[in-house]
1. Over the chain, what is the mean sequence separation of C-alpha contacts under 8 Å (at least six apart), divided by residue count, expressed as relative contact order in percent?
2. Setting aside same-chain residues fewer than 8 positions from LYS464, which lysines have a Cα under 17 Å from its Cα?
3. Which value in nm describes the separation of the simple spin-label points at GLN551 and ALA333, placed 7 Å from the Cα toward the beta carbon?
4. Compute the length gained on full extension between GLN414 and ARG537: take 0.36 nm times their separation in residues and subtract their Cα-Cα distance, giving the result in nm to one decimal.
5. Can you show me the helix-derived [θ] at 222 nm for the chain, built from DSSP H runs with n ≥ 4 at -39,500 (n - 2.57) apiece and divided by the number of residues, rounded to the nearest 500.
6. Would you list, by chain and number, the lysines whose Cα falls below 19 Å from the Cα of LYS497, excluding same-chain residues fewer than 8 positions away?
7. Pop a pseudo-label 7 angstrom from the Cα along the beta-carbon direction at both ARG397 and ASN363 and give the gap in nm to one decimal.
8. With θ taken as phi - 60° and the coefficients 6.51, -1.76 and 1.60, list the Karplus ³J(HN,Hα) couplings across segment 17-31 in order, rounded to whole Hz; mark glycine and proline as x.
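FYI, it's all coordinate maths here, none of it is from the lab. Treat the numbers as computed from the prediction; the structure is a model and nothing was measured. No Cβ is skipped: glycine too gets one built from the backbone with ideal geometry, and neighbour counts run over all protein chains shown.
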Amino acid sequence: MFLLRWLWSNMSGYKGRYILAMLLSVVCQIMFLATPMMSQQIVDTFIMPENAAEMIQTQSSLLWWMVGIMVGFTLLRTCTQYGTNMLYEVTSQAIIYRVRKRVYDNINAQDATFYDRFRTGDIMTRMTGDIDMVRHSVAWIIKTVIESITLFVASVIYFFSIDWLTAICLVGLTPVIFGVSFFFKKKIRPMYVNLRERLSQMNTSAEENISGNRVVKAFAREDYEIERFDEKSTEYSTANKKAALAWLDFYPIIEITAQALSVIQLITGGLFCISGRITVGEFTAFSGLIWTLSNPMRNIGTIINDFQRFTASANKIIEVYYGKSKIADREDAIDMTERMKGGIEFRDVAFSYGNTEILHDINLKIEPGETVAVMGPTGSGKTTLVELIARIYDVNRGEVLVDGNNVRMLKLKQLRGSIGMATQDVLLYSDTIDGNISFGNSSMSEEEVVRCAEYADADGFISKMSEGYDTIVGERGVGLSGGQKQRIALARALAVKPAILILDDTTSAVDLETETHIQESLRNLDFPCTKIIIAQRISSAKDADKIVILQNGTIADIGTHDELTQREGYYREVYELQH
């Protein structure tokens, strides 16, 4: 019932149309009784009586009226059914648009732990196949249930109005159908949950292979990836067949029962007709409507199949639909009306990812406008440290302050809008270079875009491209070198004129000459900015106001280049190795 209430809540603005569609479905199914009723009257009035020929001559207009009513009801039912189907389809499309938008908006609002927990292929499956299953349930499953119930009930009522004993003989088989359906439902449900998981794994495998195709080719691992995908595809195919074939265990019982209705109708109806209990016309009506009992029985299996698939898909969607990010604005969040100055302080900060401690006992103060370099061995927590400033993650203990305010008390949009970040893993969108640079500030003028590119020493190679700043960048920056992508990412970070600029090993792929130019540009920005540079090169860190050394998740040392080279420690070891 919860799933149906959830569907109903998403029909806002279309509830009236859907109610109308359901009412028209009921009317359409009742109209199916018109033809057998008219057939009954025609047979009993114009065919079976001894004066049938006389009736045809004297009451020909009545006969034509009856035939006309049969034809008219058929045409009316056809037109009504068309309009009903259109209402169902319009409503279902409106629902999936609303659900897809809500799910996508919610995905974008999630924190980093959400993406750590869910695979990309799984998210894509929820956004596509699972949501389409919701549309199918609204446009077909519910419609079929209403039509089957209406047709069955209306026919049973009509049968009892003709002869109660014949009706009981026909309806007596229905408990068998419901019993079989109950056991089928219990068996098929876990199969569709497993099927949905196999589909997610297959999509994840495909997504990873496609996005990492260059790595695959570089290591000549095409055969391995094909084999890996085939394995997931085979598992999905096996689960799909198992779920599809499960119905075959129950289908013979359903089909035999449905066919038995015709046999019972012929035997009981024939005997009652011979004995005079029912007329030939009434026997004709029974014959013409026997399918209204057998078809709903046959539909039960398909309905249960599709409803279980809908349940499996809807539960996956709802998990994201109602999911709430743990990192969100507080109701009493501070509204920053002025530009941030860029002062940062870590007070007794600790952070763990699961059971793994990443940072502990971090105490660090950065003054507005300072340039701070962060160095340390791989896995020491450098990237995590700067991500805590922008609340990509939240601390487990202690607090991070910006301009004296706990970041948890600041509005996320204002906080992150004041931070420019160029990450180690550069992601460029399938857009123009201009569009990628102005991603954080779409109202930038062309001159501002060029100036940001000049700061990042990117204007030179961009201007040489065939379309200049209008050159379309391939997916994830295909066609650009690592250094070029890093420079565009740096220009993108500078474009928002941030109060805090975070560079996570951003110049690792550029040559020393380019790095020197970028460092000179960063010292002469036309806006005040606190700079935090995560670096592996001494050349990237030596001119910083202070250098922070992280080791084993805590601050091992702080000092200037001259100070750190004079004492034993990580920085001096790296300095001696690189020089």
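1. Working: 797 pairs, mean separation 80.0, N = 579.
Taking the mean separation of contacting Cα pairs over the length of the chain, I get 14 percent.
2. The qualifying lysines are LYS485.
3. It works out to 3.9 nm between the two label points.
4. Values: separation 123, 0.36 × 123 = 44.28 nm, distance 3.22 nm.
The GLN414-ARG537 span can extend by a further 41.1 nm.
5. Details: 26 runs with 349 residues, N = 579.
That comes out to -19500 deg cm²/dmol.
6. Output for LYS497: LYS341, LYS411, LYS413, LYS531.
7. Those two pseudo-labels are separated by 1.4 nm.
8. Those phi angles translate into 5, 6, 4, 4, 4, 5, 5, 5, 4, 4, 4, 4, 5, 5, 4 Hz.
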